[in-house]
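Worksheet: one structure, shown below.
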């Protein structure tokens, strides 16, 4: 169990290299491992001189925090960016000089703000599109209902039967009377659909 915990700690410290990592962050990110096993693994790695431990005393609040990093990063890859959605932002590395830090930090915050605004715009557009589609469907269904009702109320009284005419003659006569109404109602439904699509 300790060997797996040690491997997990080393992998995590390589991923976060060359920065120090707090003990609480280690515990949070490696929560699949037992806390006692993690503590034991940390102490074994320190004794084996594979990791370095530093303590931030935090004297003002009286709660010191231990930080860890690998003893050496020779030949190990250093991840310089973090990918968030479609954008990559620079990681803040402890190897950088303090004087170069502020504008690097500001740039990352601005890129995150731009990405957030872009996401918000996409979300608003998506919601508007879905609302338009919803109302288009509702109004189109309502229009079809009105058209059918109108067709029944206006068209049926015009239908006539004559005993001396053949079926096709009666059909042609009634079709000629009802077709203009059906055409106007179909045009009404199409215009509704086209406006609200």
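List of remarks:
- Any chance residue 41 is touching a residue at least 12 places away in the same chain (Cβ under 8 Å), in contact with a helix residue (DSSP H, G or I) (Cβ under 7 Å, 6 or more places away or on another chain) and farther than 19 Å from residue 93 by Cβ: yes
- Residue match in region 173-186 (condition: at pLDDT below 70, outside the structural domain of residue 13 (by TED's automatic domain parsing), part of a helix (DSSP H, G or I) and closer than 30 Å to residue 15 by Cα): no
- Qualifying positions in region 65-96 - within 15 Å of residue 20 (Cα to Cα) and without any contact (Cβ under 8 Å) to a residue 12 or more places away in the chain: 72, 96
- Whether a residue is out of contact with any strand residue (DSSP E or B) (no Cβ under 7 Å at 6 or more places or on another chain), closer than 24 Å to residue 4 by Cβ and not in a loop (DSSP other than H, G, I, E, B) was assessed, and residue 45 does not pass this test.
- Residue check for residue 91: surrounded by 15 or more Cβ atoms within 10 Å (Cβ to Cβ) and under 25 Å from residue 109 (Cα atoms): yes
- Subset of region 1-40 that is within 30 Å of the chain's Cα centre (by Cα) and in a loop (DSSP other than H, G, I, E, B) - its residue that is nearest to residue 64 (Cα to Cα): 19
- Failed item in (1) under 30 Å from residue 116 (Cβ atoms); (2) more than 34 Å from the chain's Cα centre (by Cα), with residue 47 passing the rest: (1)
The values are calculated or read from the model by the stated rules, or taken from the named source; none is laboratory data. A quick note: this is a predicted structure, and the numbers were derived from the prediction, not measured. When we count neighbours, we look across all protein chains shown, and the Cβ atoms used for this are built from the backbone with ideal geometry, even at glycine.
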